[in-house]
1. Among what's in segment 33-50 and is within 11 Å of residue 104 (Cβ to Cβ) and modelled with pLDDT of 90 or more, pick the residue that is surrounded by the most Cβ atoms within 10 Å (Cβ to Cβ).
2. If residue 71 passes every condition in (1) within 15 Å of the chain's Cα centre (by Cα); (2) at pLDDT 95 or above but one, which one does it miss?
3. Residues being outside any loop (DSSP other than H, G, I, E, B) and at pLDDT 90 or above: count how many of those fall in segment 1-32.
4. Where in segment 72-138 are there strands (runs of 3 or more DSSP E), lying fully within it, with 2 or more residues that are surrounded by 14 or more Cβ atoms within 10 Å (Cβ to Cβ), in contact (Cβ under 8 Å) with a residue 12 or more places away in the chain and in contact with a strand residue (DSSP E or B) (Cβ under 6 Å, 6 or more places away or on another chain)?
């Protein structure tokens, strides 16, 4: 009988210890701040055709990583097979997280088309999407 009581007590203690006060889906939204004031139009960061660099810091999560990026239906992912969730490198942009910082660098746009980019970062069950639009070369 003592074994059953001990087993029940251990099960009860484990159940209480594994519970969280925050139900799933109740994470605080990610709060980001640009290191230098940047121009946005309706929540979209404006990128010149000559390219530029943006640096943002996350104020309430310490180690976000990159989920994916999308431009005109084409998806880009970090090299997860190399266990790297912190960089995406293409021929026209590079995104990198380090600690609580996100750095996005755009190369010059030599095309006659605007380049939209949606970059999604995560810190677990919370996501944030940055929206950029790079001007076309006229």
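The values are calculated or read from the model by the stated rules, or taken from the named source; none is laboratory data. Keep in mind it's a predicted model, so treat the numbers as computed, not measured. Reconstructed Cβ throughout: ideal geometry from the backbone, glycine too, with neighbour counts over all protein chains shown.
1. 47
2. Answer for residue 71: the failing condition is (1).
3. Here the count works out to 1.
4. Once the strands (runs of 3 or more DSSP E) in segment 72-138 are filtered for at least 2 residues that are surrounded by 14 or more Cβ atoms within 10 Å (Cβ to Cβ), in contact (Cβ under 8 Å) with a residue 12 or more places away in the chain and in contact with a strand residue (DSSP E or B) (Cβ under 6 Å, 6 or more places away or on another chain), what remains is 87-89, 93-98, 101-106, 115-122, 127-134.
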